[in-house]
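A quick write-up on the structure given underneath.
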Amino acid sequence: MACRHTLFILLSVLGLFLVGTVVVLSSITYYLSIDPSAYLLDGNTRWNASEHGQKERIPRILHQTWRTENLPARWKGISQECRDMMPDYEYLLWTDDSSREFIAEHYPWFLDTFNGYKYAIQRADAIWYFVLHHYGSVYLDLDVGCLRPLDPLLVYPIILPKTIPVGISNDLMFAEKGHPFLAQTIHNLVTFDHNWILNYPTVMFLTRPMFLSAQYGIYTLSHAGAQGKHAHKNNAPVRGQLKYGFRQMSALLS
């Protein structure tokens, strides 16, 4: 009898745990959901915004990061293909040393946090947000290749990639200089700088996609009229799917 009672209690606790998990995951999915009505669709190839009565808001600069100036052979070709496809885009490779120098010169208030990150990948993540805020431009992970020129996308204020199962990622980002979403993001790097003990949650919630997804949620909730949920279409990150032709990328948020 005692065994049956114990088993009943264990099954009840397990059931409550599973129900709680479903509720939490459903809440996260709802909060980070992408509105299909804001999807971007197919783009063109080489493209001049002025010929279409538009203005490029994002500068023609490609940013990438690596520890040193010598890219690994497995990624060098992918990176070079993007540059060859768009030779009129300036290319900037940020190393560990140049990233630290950039932060010290342009964002000295963040240098202690930058140097204090436990994992090197956190510094590699953080520099992306700062160079996009400072220059406006395009950031690509080294394993993200280009199948088409990026020209038609430069008329948007900011583009961020949708990720699976929910939220947004940071492996490909477009932004105009000084966009308020990036201003919020770089300052919240300090606010969100907590130790989650384990490597994975510390990195994901401090600098990587879960952090960036939280910034998106905060931004859309705090800017009335934001496109997608609540924002002004010229200022908010416009959530959307972009079938454009990137290796390892098909869904983008802009």
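Just to verify a number: FRET efficiency for ASN48 and LEU16, C-beta to C-beta distance, R0 = 51 Å, to 0.05? Intermediate values should be presented prior to the final figure.
On the way: r = 60 Å, r/R0 = 1.17.
FRET efficiency, ASN48 to LEU16: 0.30.
Post the alpha-carbon centroid distance, region 132-197 to region 87-105, in whole angstrom.
16
Among HIS133, PRO59, LEU198, which residue has its Cα positioned farthest towards the positive end of the charge dipole of region 53-208, with +1 placed on the Cβ of Lys and Arg, -1 on the Cβ of Asp and Glu, and the dipole taken about the Cα centre?
Positive-most Cα among the choices belongs to LEU198.
Ranked highest first by average number of other Cβ atoms within 10 Å, how do 78-85, 58-65, 152-159 line up?
On the way: 78-85: 16.2, 58-65: 18.6, 152-159: 21.4.
The most tightly packed comes first, giving 152-159, 58-65, 78-85.
Quick one: length gained pulling SER98 to LEU147 fully straight, 0.36 nm per residue minus the C-alpha distance? Write out the running numbers ahead of the final one.
Details: separation 49, 0.36 × 49 = 17.64 nm, distance 2.88 nm.
My answer for the length gained is 14.8 nm.
So for the pair GLU81, PHE205, with labels modelled 7 Å out along Cα→Cβ, what separation do we get in nm?
3.8
Based solely on C-alpha atoms, express the radius of gyration and the Dmax of region 68-151 in angstrom.
Every Cα atom of region 68-151 included, Rg and Dmax give 13.9, 39 Å.
Within region 165-207, which residues have the backbone N less than 11 Å from the label spot 7 Å out from HIS106 along Cα→beta-carbon, could you tell me?
Counting only backbone N, you get 177-178.
Calculate one ³J(HN,Hα) per residue across region 122-134 by plugging θ = phi - 60° into the Karplus curve 6.51 cos²θ - 1.76 cosθ + 1.60, and present them in order as whole Hz with x for glycine and proline.
5, 5, 5, 5, 4, 4, 4, 5, 6, 5, 5, 5, 6
Coordinate-derived values only; no laboratory data. Owing to the predicted nature of the structure, the values given are computational and were not obtained by experimental measurement. Here the Cβ is made from the backbone with ideal geometry for all residues, glycine too, and neighbour counts use every protein chain on show.
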